[in-house]
Amino acid sequence: MSATIIKNGRVIDPANRRDEVADLYLKDGKIAASKSEIRNQKSEVDEIDASNLIVAPGLIDVHVHLREPGFGHKETIASGTRAAAAGGFTTIVCMPNTSPAADNPATIAWIKDRAAEAACVNVFPTGAISKNIAGEELAPIGSLAKAGVVAITDDGHCVQSHELMRRAVEYARMVGLPVLDHCQDYNLVGNGVVNEGYWSTLLGLPGWPAAGEEAIVMRNILLAELCVHHIHCQHISAAGSVRLIREAHARGVKVSGEVCPHHIALTDEAIRNFDTNYKINPPLRSKEDVDAILEGIADGTLSILCSDHAPHAEFEKEIEFDQAPFGIVGLETELGLFIDLLIHKHRKIDIGRLIEMYTVEPARLLKVDAGTLSVGASADVTLIDANLEWTVRLDQFQSASSNSPFDGWKLKGRAVQTIVAGKTVWNL
Ligand SMILES: [Zn+2]
């Protein structure tokens, strides 16, 4: 038996259209209805003073690379979930590009077992679309669904065969799984490593054109229509992708898009010092792309915020720009960056919508029971100080890796306490 009262916070629970200063009651790992429910407790009742804080449903990150099994030198399920907790996340969705790839029920079972032992937040695995994420043969999608994946994706790679992708979407519809897609046309992108434009030309680095993303976003819109099933486009970076999704929504097509903070915090100009912590896939783009993504967030075209947390060891990133792996860590900076940029700096959305994009929207996409403060729901809660000014310090990261371009950035807004099933897993 355990009970907690979170007192006097601004409770924002978009799932229940709630935004008011109130107390929140937690009992035995669940949200309780009222004070009377926990008054009869024999054991002590913990109290948390949440004055001037936002009390939000535990945030969900739909795009995280936990790297286990196979790449424990970059991150482990233990270190990655500690980073999630420190970032304010109570639930994370991990990508299947591990070694072995999560393309079979045994690997999914391994991830779930390991998470049950070592994770301090909820871990929902995804399964691969194709065997070994090679894009040639379908993974056993029905068995993956039975093993408990919340979605399928070949993230890190992109199924190039439209016919194979069509069959994947049809199987996914049959077993009720959403399809997530990393949108990259290999013909157009070739060996591109940075946005194709002024800076790629000036620096002599191979270009990754925006059309390489837009072509696959268009393919996914066509397949979502053809198969009458939802397809979610991961880490949208290009203005044309936003326009295509907006037009598809107007026709009622079931397609959605997510945004990572680096794609609005930075432009491709940042690569001019050849620092591999700015090498990301899809790449940092132009000011026009950033503006279009901000508009897509403002008008609801892009509905989910996430990190694409992609840890790499220092020795892997400290090589020539062309050779270095893509990606940066993000769990511990994303909420701060999004609050700072979307709410304080650009004023594109309010805090209620930001919380909705991290709770209701991902829960709806994945059809999971999370992201709400409804009575009886798991007591997953994130306390946020939207006005707290802080400085990013890589040496304080919980993540096992520190490949981030945001060291030293001064941000306004962050999570200050993270509670999973009634238990505090992180406290500033
Ligand atoms: Zn990706």
**Item:** Options Tyr171, Tyr186; residue that is farther than 21 Å from Glu288 by Cβ, within 14 Å of the ligand (Cβ to nearest atom) and of a type in the set (Phe, Trp, Tyr)
**Value:** Tyr186
**Item:** Options Leu284, Leu244; residue that is buried (at least 22 other Cβ atoms within 10 Å of the Cβ) and away from the ligand (no atom under 15 Å from the Cβ)
**Value:** Leu244
**Request:** Out of the residues in the range 224-239 that are over 28 Å from Pro261 (Cα atoms) and open to solvent by 10 Å² or more (accessible area, probe 1.4 Å), state the one that is farthest from the ligand (Cβ to nearest atom).
**Result:** Val228
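For the range 251-269, indicate whether the set of residues that are away from the ligand (no atom under 15 Å from the Cβ), farther than 30 Å from Ala78 by Cα and of a type in the set (Ser, Thr, Tyr) is non-empty.
Yes, some residue in the range 251-269 is away from the ligand (no atom under 15 Å from the Cβ), farther than 30 Å from Ala78 by Cα and of a type in the set (Ser, Thr, Tyr).
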**Prompt:** Is it the case that some residue within the range 133-149 is surrounded by 21 or more Cβ atoms within 10 Å (Cβ to Cβ), without any contact (Cβ under 8 Å) to a residue 60 or more places away in the chain, within 16 Å of the ligand (Cβ to nearest atom) and farther than 25 Å from Arg82 by Cβ?
**Reply:** yes
**Request:** Would you check if Val189 is buried (at least 23 other Cβ atoms within 10 Å of the Cβ) and farther than 20 Å from Ser303 by Cβ?
**Result:** yes
**Prompt:** In the range 301-329, what residues are open to solvent by 10 Å² or more (accessible area, probe 1.4 Å) and either in contact with a Gly (Cβ under 8 Å, 6 or more places away or on another chain) or polar (S, T, N, Q) (or both)?
**Reply:** Ser303, Asp308, His312, Gln323
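Here's the yes/no breakdown for (1) within 16 Å of the ligand (Cβ to nearest atom); (2) open to solvent by 40 Å² or more (accessible area, probe 1.4 Å); (3) of a type outside the set (Asp, Glu); (4) in contact with a helix residue (DSSP H, G or I) (Cβ under 8 Å, 6 or more places away or on another chain):
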{"position": "Lys27", "(1), (2), (3), (4)": "no, yes, yes, yes"}
{"position": "Ser36", "(1), (2), (3), (4)": "no, yes, yes, no"}
{"position": "Ile54", "(1), (2), (3), (4)": "no, no, yes, yes"}
{"position": "Val93", "(1), (2), (3), (4)": "yes, no, yes, yes"}
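The values are calculated or read from the model by the stated rules, or taken from the named source; none is laboratory data. Quick caveat: nothing in here was measured; it's all calculated off a predicted structure. Because the Cβ atoms are built from the backbone with ideal geometry, glycine has one as well, and the counts that use them run over all protein chains shown. Side chains are part of the model used for accessible areas, which takes the heavy atoms of the whole protein and leaves out ligands, DNA and RNA. Shrake-Rupley method; radii C 1.70, N 1.55, O 1.52, S 1.80 Å.
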